[in-house]
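Student: Here's a structure for you.
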Amino acid sequence: MSQSRRPKYLSLYAIAFQIRLPVTGWVSLIHRLSGVYLLISCIAAVCWIEVSLRSVSDFAMATSMTKSPFVRVALLLSIWTYAHHLLAGIRFLVLDLDVGASRQAAVASAWAVHGVGLLMVVLSGWLLW
Amino acid sequence: MVALVKSSIPRGQGGIRGWLLQRLTGAYIGIFSVVAFLAVAMDPPSDFAAWRATLRAPHVAACTLVFGMAVAVHAWIGMRDIYTDYVQSVLAKALLLACTGLLVIWLVARLSLALFSVQ
């Protein structure tokens, strides 16, 4: 393989399984993956809104669907994904302002994203049910 | 300030413009979703009529539509960044971007219909 000085974009396989990622790296990776997941889940969300606005019986079906434990678990998962994406995004915005860019601060804020994210999920679950 | 240079290279909302757009849309999305979630969680609509009246009220529908469009732009730029980083083939990237564009346009269209169609 020729020695190239151009930056290499690592494969997902390498990132996930071959390189030990620090917590800051994980927050960044999950930020990306959660974004993709959220985009896909928008399809279901838009369809749900559409159905819920269609008629009385459709609304009843849409709301009764949210009572099923399977749907609730999926919803909580989506809320966690969203909370993580939002918090990691805010973390990036703050880093853009050069706040907390030192290694210790960055690692601390990365752990905070995980912790606060889980807290938000618990709070949401409590608020909803 | 950022020098706005006219370039013939199409960047697909990349560069500084993409960076800024992602931040702006992200901010709106974040604020809207937290407000909306709290509003619905703390005062859930009692029935179909209440739900429909709430969501289709002009100011709510307008803000929700803007939210949909913000998500479309935000997601498009995000996916574009992902394709740029991991997809080497120009053809594959073009196809993926086209599919993503169609998806987000479809999402906004469906949302608009749900919010504004005369029914």
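The values are calculated or read from the model by the stated rules, or taken from the named source; none is laboratory data. All values reported here derive from a predicted model rather than from experimental measurement. Reconstructed Cβ throughout: ideal geometry from the backbone, glycine too, with neighbour counts over all protein chains shown. Heavy atoms of the whole protein, side chains included, go into the accessibility calculation; ligands, DNA and RNA do not. Shrake-Rupley method; radii C 1.70, N 1.55, O 1.52, S 1.80 Å.
Student: Quick check: Cα centre of the range A:89-113 to Cα centre of the range B:29-105, how many Å?
Tutor: After rounding, the separation between the Cα centres reads 26 Å.
Student: At q = 0.13, 0.14, 0.18, 0.20 Å⁻¹, what is the base-10 log of I(q)/I(0) for the range A:27-129 according to the Debye formula with one equal point scatterer per Cα and no solvent? Please give it to two decimals.
Tutor: -0.58, -0.65, -0.90, -1.03
Student: With +1 on each Lys and Arg Cβ and -1 on each Asp and Glu Cβ, how big is the dipole of the protein assembly as shown about its Cα centre, in debye rounded to the nearest 20?
Tutor: 740
Student: For chain A, calculate the relative contact order in percent as a whole number, restricting contacts to Cα pairs under 8 Å that are 6 or more residues apart.
Tutor: Reported relative contact order: 30 percent.
Student: Right, something else. How high is the relative contact order of chain B? Use alpha-carbon pairs under 8 Å, at least six apart in sequence, and give a whole percent.
Tutor: 33
Student: Next question, about the same structure. Give me the dipole magnitude in Debye, nearest 20, for chain B about the Cα centre, with unit charges on the beta carbon: positive for Lys and Arg, negative for Asp and Glu.
Tutor: Dipole about the Cα centre, nearest 20: 400 debye.
Student: Residues of B:36-49, mean number of Cβ from any other protein chain within 10 Å of their own Cβ, rounded to a whole number?
Tutor: Taking the mean over all residues of the peptide, I get 3.
Student: Report the relative contact order of the range A:56-127, percent, no decimals, based on alpha-carbon pairs under 8 angstrom and at least 6 residues apart.
Tutor: 38
Student: Still on this structure: Report, in debye and to the nearest 20, how large the dipole of chain A comes out about its Cα centre when Lys and Arg carry +1 and Asp and Glu carry -1 on their Cβ.
Tutor: 480
Student: Of A:PHE17, A:PHE59, which has the most accessible area with a 1.4 Å probe, and how do the rest follow in descending order?
Tutor: Sorted by accessible area, descending: A:PHE17, A:PHE59.
Student: A further question on this structure: Excluding ligands and nucleic acids, what accessible area in Å² is computed for A:TRP26 using a 1.4 Å probe, to the nearest 10?
Tutor: Its heavy atoms expose roughly 100 Å² to the probe.
Student: Here is a further query. What ranking of A:LEU119, A:LEU29 comes out by heavy-atom accessible area, probe 1.4 Å, highest first?
Tutor: A:LEU119, A:LEU29
Student: To continue, here is another question. Work out from phi, with θ = phi - 60° and the Karplus expression 6.51 cos²θ - 1.76 cosθ + 1.60, the ³J(HN,Hα) of each residue of the range A:117-126, listed in order in whole Hz, and give x for Gly and Pro.
Tutor: The phi angles translate into x, 4, 4, 5, 5, 4, 4, 4, x, 5 Hz.
Student: Please compute the average number of Cβ atoms from other chains found within 10 Å of each residue's Cβ in peptide B:100-108.
Tutor: Per residue, the number of nearby Cβ atoms from other chains is 2 on average.
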